[in-house]
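K.L.:
Please see the structure below; I have some questions.
The values are calculated or read from the model by the stated rules, or taken from the named source; none is laboratory data. Predicted model only: the values in this text are computed from it and were never measured. We place every Cβ from the backbone using ideal geometry, glycine too, and count neighbours over all the protein chains shown.
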Amino acid sequence: MTVKIKPSQVKGTVNAPASKSMAHRLLICAGLAEGKSEINNVAYSEDILATLDCLSSMGAKIEKGEDFVIIEGASPLSSKGGTYKCRESGSTLRFFIPIAMLSCERSLFTGYGRLMERPMEIYEKIAQEKGLSYEKNSDGISIVGRLTPGSFSVPANISSQFISGLLFALPLCEGDSEIELTGNIESRSYIDMTIDAMMLFGVKIIWKNEKTLYIKGGQKYLPQSFAVEGDYSNAAFLDGFNLLGGEVTVKGLKPDSLQGDKIYKEYYELLKKGFPTLDIRNCPDLAPILMTLAAALNGAVLTGTKRLKIKESDRGLVMKEELSKFGADIEVHEDEIIIHKSEIRKPEEVLYSHNDHRVVMSLSVLCSITGGEISGAEAVKKSYPDFFVKVKSLGMEANTYDNN
């Protein structure tokens, strides 16, 4: 799909989309509970559909409503294994591997795009230490064997998703476990979100100290009913219009949310005032929109950027490539990106999504003042399927058409 955008005045009020990060966590907890749970305010993005598919593969029964899901949970301890279709969702893949390890049966994890290129060595190492079979090939990742409790050492500077995956699974083991986090902890807020979601379903995780998590074994997830809170990650795109002359009010965001991306509001204020240095170590998903707005305003330096290369695209280099079509001057280094203040103009070339939802939405925000054409815009389905419906309702002149 290609979208053609004309310079537009974007203004109005819109509800924040449901938090993809919290929806993953609530749905998984519901799927692990013995009984029926109801999760409301669910947006059926590709990533969330992947998680629902995997819950079905685990044995849970799923009933989807327009914006709610009723889940009858199933114990992964008695799962017969099977194929877990993760689509392009890194969260789904990393959350479910330890859950599938609770079964003695063979589980195959599949996906497409860059999913299987993402780092997975942490789980491979755990499988070797625990005597499980772990094989990665062209078909995907195959696992056979049962995860046992104990002590785990996990690098905390690669992805918090590995830690969350273990946290979901280990309380269901018979014995107690500890996870020791090594290195600098990045994306701590996502770990806290996982712990919070589990607590809502009756499972407790304890921080023994800043680097050690204690997980009591033999716990049970209890069925519950909850609504998914609004998403700061995607709200950042809607709020981004306001830095470029828009007048958008985003409603439905929880002020005391644990979401790390809520820091975007502070960072936007700094972008308006000057040439700030912004640490994105704990909020890497904000990088594309921060780069975009910095290029259009006063420039900025982003630090803690090394993990951008293992996202849906190599986001630092991809955003440099696409923003250069607007006249932006950007330097991408190993763990730092410098966005120089530039004279932004309408791109003469077609912009490309690189199959990355956050790239599409970031470029769309900038196109609202310059105009432009983005190919591969269907990538927004990964996290915000109705993004263009929402921005068109706010006055953006955007026409989409199929490339075929």
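K.L.:
Can you tell me which of Lys130, Lys125, Lys136 is at negative phi and free of Cβ contacts under 8 Å to residues at least 12 places away in the same chain? Lay out the reasoning, then the answer.
P.N.:
Numbers: Lys130 fails: free of Cβ contacts under 8 Å to residues at least 12 places away in the same chain; Lys136 fails: free of Cβ contacts under 8 Å to residues at least 12 places away in the same chain.
None of the other options fit; the residue is Lys125.
K.L.:
Out of Ser362, Ser368, report the one residue that is within 24 Å of the chain's Cα centre (by Cα) and surrounded by 18 or more Cβ atoms within 10 Å (Cβ to Cβ).
P.N.:
Values: Ser368 fails: within 24 Å of the chain's Cα centre (by Cα).
That would be Ser362, the only listed residue that is within 24 Å of the chain's Cα centre (by Cα) and surrounded by 18 or more Cβ atoms within 10 Å (Cβ to Cβ).
K.L.:
Being touching a strand residue (DSSP E or B) at 6+ places or on another chain (Cβ under 8 Å) and buried (at least 24 other Cβ atoms within 10 Å of the Cβ) is the filter; apply it to the stretch 28-38 and report the residue that is farthest from Asp67 (Cα to Cα). Don't jump to the end; show me each part of the working.
P.N.:
Of the residues in the stretch 28-38, the ones touching a strand residue (DSSP E or B) at 6+ places or on another chain (Cβ under 8 Å) are 29-38.
Remaining after also requiring buried (at least 24 other Cβ atoms within 10 Å of the Cβ): 29-32, 37.
Values: Cys29: 18, Ala30: 16, Gly31: 17, Leu32: 21, Ser37: 14 Å.
Filtering first and then ranking leaves Leu32.
K.L.:
Picking from Thr292, Thr305, which residue would you name as being of a type in the set (Ser, Thr, Tyr), under 14 Å from Ser187 (Cα atoms) and out of contact with any His (no Cβ under 6 Å at 6 or more places or on another chain)?
P.N.:
Details: Thr292 fails: under 14 Å from Ser187 (Cα atoms).
Exactly one residue qualifies, and that residue is Thr305.
K.L.:
When the stretch 387-404 is examined, which residues are found to be assigned to a loop (DSSP other than H, G, I, E, B) and either in contact with a Pro (Cβ under 8 Å, 6 or more places away or on another chain) or in contact (Cβ under 8 Å) with a residue 40 or more places away in the chain (or both)? Walk me through how you get there before you give the answer.
P.N.:
Quick first cut of the stretch 387-404, residues assigned to a loop (DSSP other than H, G, I, E, B) only: 394-396, 402-404.
Answer for the stretch 387-404, where residues must be assigned to a loop (DSSP other than H, G, I, E, B) and either in contact with a Pro (Cβ under 8 Å, 6 or more places away or on another chain) or in contact (Cβ under 8 Å) with a residue 40 or more places away in the chain (or both): Leu394, Gly395, Met396, Asp402, Asn403.
Table: residues versus (1) buried (at least 24 other Cβ atoms within 10 Å of the Cβ); (2) assigned by TED's automatic domain parsing to the domain that holds Ile97; (3) touching a helix residue (DSSP H, G or I) at 6+ places or on another chain (Cβ under 7 Å).
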residue	(1), (2), (3)
Ser8	no, no, yes
Lys11	no, no, no
His24	yes, yes, yes
Glu46	no, yes, yes
Leu52	no, yes, yes
Ser57	no, yes, no
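K.L.:
Of the residues Leu293, Leu253, which is crowded, with 23+ Cβ neighbours inside 10 Å, assigned by TED's automatic domain parsing to the domain that holds Glu336 and out of contact with any Ser or Thr (no Cβ under 7 Å at 6 or more places or on another chain)?
P.N.:
Details: Leu253 fails: crowded, with 23+ Cβ neighbours inside 10 Å.
Exactly one residue qualifies, and that residue is Leu293.
K.L.:
Does the stretch 255-266 include one or more residues that are touching a Gly at 6+ places or on another chain (Cβ under 8 Å), outside any strand (DSSP E or B) and not hydroxyl-bearing (Ser, Thr, Tyr)?
P.N.:
No, there is no match, as no residue in the stretch 255-266 is touching a Gly at 6+ places or on another chain (Cβ under 8 Å), outside any strand (DSSP E or B) and not hydroxyl-bearing (Ser, Thr, Tyr).
K.L.:
May I pose another question? Cβ-Cβ distance below 8 Å, separation of 6 or more or different chains: which pairs start in the stretch 186-211 with a residue that is outside the structural domain of Leu308 (by TED's automatic domain parsing) and over 16 Å from Val154 (Cβ atoms) and end on one that is assigned to a loop (DSSP other than H, G, I, E, B) and among the charged types (D, E, K, R)?
P.N.:
Met198/Lys204; Gly202/Lys220; Val203/Lys220; Lys204/Lys216; Ile206/Lys216
K.L.:
Here's another thing I want to ask about it. (1) in contact with a strand residue (DSSP E or B) (Cβ under 6 Å, 6 or more places away or on another chain); (2) more than 29 Å from Gly218 (Cβ to Cβ); (3) of a type in the set (A, V, I, L, M): which one isn't true of Ala60, the others all being true?
P.N.:
For Ala60, the exception is condition (2).
K.L.:
Hey, can you tell me all the residues within the stretch 219-250 that are of a type in the set (Lys, Arg) and either at pLDDT below 95 or buried (at least 17 other Cβ atoms within 10 Å of the Cβ) (or both)? Walk me through it before giving the result.
P.N.:
Restricting attention to the stretch 219-250, the residues satisfying the condition of being of a type in the set (Lys, Arg) are 220.
Selection gives nothing.
K.L.:
What residue, of Gly150, Gly131, is touching a strand residue (DSSP E or B) at 6+ places or on another chain (Cβ under 7 Å), of a type outside the set (S, T, N, Q) and surrounded by fewer than 18 Cβ atoms within 10 Å (Cβ to Cβ)?
P.N.:
It is Gly150.
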